[in-house]
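Please treat every number below as a calculation from the coordinates, not as lab data. All values reported here derive from a predicted model rather than from experimental measurement. Virtual Cβ from ideal backbone geometry, glycine too; neighbours counted across all protein chains shown.
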């Protein structure tokens, strides 16, 4: 049985993993859902200095304080950078990285930089106007218009997202990693939800530097929206349990 560390994407805390964690624990796994500094129940800890390095330290603390080994470390969405960062810091403790509807980013590329110009402009405008150094939860949490990213979410799911999502420290979006030797030498898997494995492989083969880290990655498909821990928790837990058995022996 594996030690599984579950890291939520932007705006969300450990609460979002509740159903997945319950399924994994029922199967005998040791599960650690994480709330990063400045979001969720830790929103009161947000300062302009809270960012990628803070979140890497959060994850290192969970792993080291609990003396975890051969960790299955899961990054949803915007958690990609700190998860890669802690694997760089503690490669001997990580059995496998799992990027959930996300992907590792190249050296020097932030979550902000990986987004479209429209998103970059909107986020920068929002932070400048509010003067808080934090990003508001996305307006998509307010809609039920059938957008692909919302697939599988009920009105009740969306209401819970609206209730519990908190602003995200902007430095978590602008921070990046310097990886002169490339990605950490840890097995990596990608679970795609709002795209297909065929699309992921096309991106990997495109030659675009943003997609270079996708080359050679193991890709799995869980067709649903961008929040599979809410829309398909049982299936996600089963897939993570299967991936835990693919880790190299300690």
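Rg and Dmax of the chain, both derived from C-alpha coordinates alone, stand at 16.9, 51 Å.
Here the relative contact order of the chain, from alpha carbon pairs under 8 Å that lie six or more residues apart, stands at 25 percent. When the chain is treated as a GNM with alpha-carbon contacts under 10 Å, the residue of 140, 77, 102 showing the greatest mean-square fluctuation is 140.
Per residue, the average separation of C-alpha pairs within less than 8 Å and at least 6 apart gives segment 37-102 a relative contact order of 31 percent.
Each helix, a run of at least 4 DSSP H residues, gives -39500 (n - 2.57); summed and divided by the residues of the chain, these come to -10500 deg cm²/dmol at 222 nm. Taking the chain as a Gaussian network of alpha-carbon nodes connected by springs under 10 Å, the highest mean-square fluctuation of the residues 13, 38, 92 belongs to 92.
Please check: in the Gaussian network model of the chain (C-alpha springs, under 10 Å), which one of 26, 103, 18 has the largest mean-square fluctuation. Comparing 26, 103, 18 in a Gaussian network model of the chain, the most mobile one is 26. The share of alpha-carbon pairs in segment 67-155 lying farther apart than 23 Å comes to 41%. Using C-alpha pairs below 8 Å separated by at least 6 residues, the relative contact order for segment 124-236 is 30 percent. Antiparallel beta bridges, as assigned by DSSP with both residues in segment 3-244, represent about 10 percent of the total such bridges. Applying 1/(1 + (r/R0)^6) with R0 = 22 Å to the Cβ-Cβ distance of residue 154 and residue 15 gives a FRET efficiency near 0.85.
Here the calculated FRET efficiency for residue 242 and residue 129, from their Cβ-Cβ distance with R0 = 51 Å, stands at 0.70, rounded to the nearest 0.05.
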